[in-house]
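Read the structure below first, then the notes.
The values are calculated or read from the model by the stated rules, or taken from the named source; none is laboratory data. Here the structure is a predicted model, which means the values were calculated and not measured. In this analysis, Cβ positions are derived from the backbone assuming ideal geometry, glycine residues included, and neighbour counts consider all displayed protein chains.
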Amino acid sequence: MNPSRRPLIAGNWKMNLGGPESIGLASGIARVARELAGLDVVICPPFTALAALAAELDGGPLRLGAQNVHSKTSGAFTGEISADMLVATGCTWVIVGHSERRQFFGDTDSWVAEKAQAAFKAKLAPMVCVGETEAQREAGETLAVLERQLNAVLPVLVAHARAPMAIAYEPVWAIGTGKAAGPADAEEAHAFIRKYIAGTSEELAARVRVLYGGSVTGANARDLLGCANVDGALVGGASIAIEKFEPILRASHALTLS
Ligand code: 13P
């Protein structure tokens, strides 16, 4: 964490809690977020819960994000949702390029860049995910993979260098495995991401928040967010139960006070 960047904790609910049961969790998170000044908190529930949650959270500190967006504004794209639709529903954030999208739904580096562009155009803040698989890490390709993924989207990010956005480093081997990256590995990847961006835009490198994602818990949040280049977390499994998410929020907030 660095005092020049406001920490951000986002919860990616994935394909869970898409109906009325989402309201209790979101209100609980909003209650905690209200106490924690200095921390940005975002939840990304399924599309089907967004409208109800936007009404529920209206005026509060908790921000809403979607988990995906289409790159086009409208048209014959059955089953897809545009950035304008997300804004109209109350979203201010959208996750793009999550490894599960890349792995199961064919999101390519260039499509991720188009999605980020569509988000900016609609005044939606993209949270761009990058990260290597276990095989890539074992082959020593981690930094090359990050470079390739960033390279595709960087022109779009630099063109909107002053707009709200975040990058999430999510090593695929750490997602849902209970095996989070250690602080040293996380910091190495985050510092690399920032340095790589600085090669094109020092302004963006200094201000962009780089979140860590992959098996974040209340027990490891402090060490991970204590790293100089880790500005927050993108949390999966531990974001869909208040008793797991609240300790992450509180640990992150405590760091802002120290
Ligand atoms: P877990 O926190 O469940 O490992 O998921 C991380 C993730 O994919 C967030 O986008």
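Worth a mention:
- Which listed residue is surrounded by 15 or more Cβ atoms within 10 Å (Cβ to Cβ), within 16 Å of the ligand (Cβ to nearest atom), in a loop (DSSP other than H, G, I, E, B) and among the aliphatic types (A, V, I, L, M), from V210, V230: V230
- The strands (runs of 3 or more DSSP E) found wholly in the range 1-98 and carrying at least 3 residues that are more than 20 Å from A241 (Cβ to Cβ) and within 16 Å of the ligand (Cβ to nearest atom) occupy 93-96.
- Look at the range 26-47: where a residue is farther than 21 Å from M127 by Cα and at pLDDT 95 or above and a partner is crowded, with 21+ Cβ neighbours inside 10 Å and of a type in the set (G, A, S), sitting 6+ places away or on another chain with Cβ atoms under 9 Å, you get L36/S252.
- Pairs are defined by a Cβ separation below 8 Å, a sequence spacing of at least 6 or placement on different chains, a first member in the range 72-90 that is within 17 Å of A51 (Cα to Cα), and a second member that is among the aromatic types (F, W, Y); the pairs so defined are I81/F47.
- Yes/no for A219 being within 15 Å of the ligand (Cβ to nearest atom), modelled with pLDDT of 95 or more and under 22 Å from A26 (Cβ atoms): no
- Residue that is within 23 Å of A113 (Cβ to Cβ), of a type in the set (A, V, I, L, M, F, W, C), touching a Gly at 6+ places or on another chain (Cβ under 8 Å) and within 15 Å of the ligand (Cβ to nearest atom), where the choices are A251, A181, A166: A166
- From the list G176, G140, the one residue that fits, being touching a residue at least 60 places away in the same chain (Cβ under 8 Å), surrounded by fewer than 24 Cβ atoms within 10 Å (Cβ to Cβ), on the phi > 0 side of the Ramachandran plot and not in a strand (DSSP E or B), is G176.
- Check on L124, touching a Cys at 6+ places or on another chain (Cβ under 9 Å) and away from the ligand (no atom under 12 Å from the Cβ): yes
- Flag for I242 being of a type in the set (A, V, I, L, M, F, W, C), more than 20 Å from V172 (Cα to Cα), surrounded by fewer than 21 Cβ atoms within 10 Å (Cβ to Cβ) and modelled with pLDDT of 95 or more: yes
- In the range 74-119, of all residues being within 22 Å of I9 (Cα to Cα) and hydroxyl-bearing (S, T, Y), the one that is surrounded by the most Cβ atoms within 10 Å (Cβ to Cβ) corresponds to S99.
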